[in-house]
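Structure, as structure tokens:
Nothing in this text is a laboratory measurement; each read-out follows from the coordinates by a stated rule. These numbers come from a predicted model, not from an experiment. Don't worry about glycine lacking a Cβ; one is built from the backbone with ideal geometry, like all the others, and counts go over all protein chains shown.
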């Protein structure tokens, strides 16, 4: 099974930021090891907003220390590019063809005003495997953890 981690930007990455992120993370994943075993890892960016790191666990399992190293490189990217990747209070949702990211309080207000409803597509960045990325990452509000939190 393929394990994944999703890191969401607070705003879309510029083309230059995206190229820099992909270059740095490709270099990192090509050397990423757990207990001296090379991890079969890759990185992608979706919608200029979501960094997705994946590891094929059938090759080698990531360890706590190896996961810490990935977090460390992402924090370095935050500092270097002056971006935010760890603010869990930013919520991403679709409005038409556009993906918007708003603070939790704004999301609650938009929900109360009816601009976000049970059919609005939201992003569940807590999915942790490839199958769930395909089926449970981008889902209607009514089918997401958001519906429980913002009920």
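Based on alpha-carbon atoms, the Kirkwood radius and the radius of gyration of region 37-113 give Rg/Rh equal to 1.07.
Taking the chain as a Gaussian network of alpha-carbon nodes connected by springs under 10 Å, the highest mean-square fluctuation of the residues 97, 119, 68 belongs to 97.
Highest mobility in the GNM of the chain, judged by mean-square fluctuation with C-alpha springs under 10 Å and restricted to 108, 16, 138, is found for 16. Based on Cα atoms of region 2-81, Rg over Rh with Rh as the Kirkwood radius reads 0.96.
Based on DSSP H segments of at least four residues, each scored -39500 (n - 2.57), the chain has a per-residue ellipticity at 222 nm of -11500 deg cm²/dmol.
What are the semi-axes of the equivalent ellipsoid for region 83-151, taken as the square roots of 5 times the Cα gyration tensor eigenvalues, largest first, in whole Å?
18, 15, 12
With a simple spin-label model that places each label point 7 Å from the Cα along the Cα-to-Cβ direction, the separation between residue 18 and residue 135 comes to 2.9 nm. Between helix 15-31 and the chain there is an angle of about 40 degrees, using the helix long axis and the longest principal axis of the Cα atoms. What is the log10 of I(q)/I(0) for the chain, computed with the Debye formula using one identical point scatterer on each Cα and no solvent, at q = 0.12, 0.15, 0.20 Å⁻¹? For the requested q values the scattering log ratios are -0.54, -0.81, -1.25. For the chain, the longest principal axis of the alpha carbon atoms and the long axis of helix 64-81 meet at an angle near 70°.
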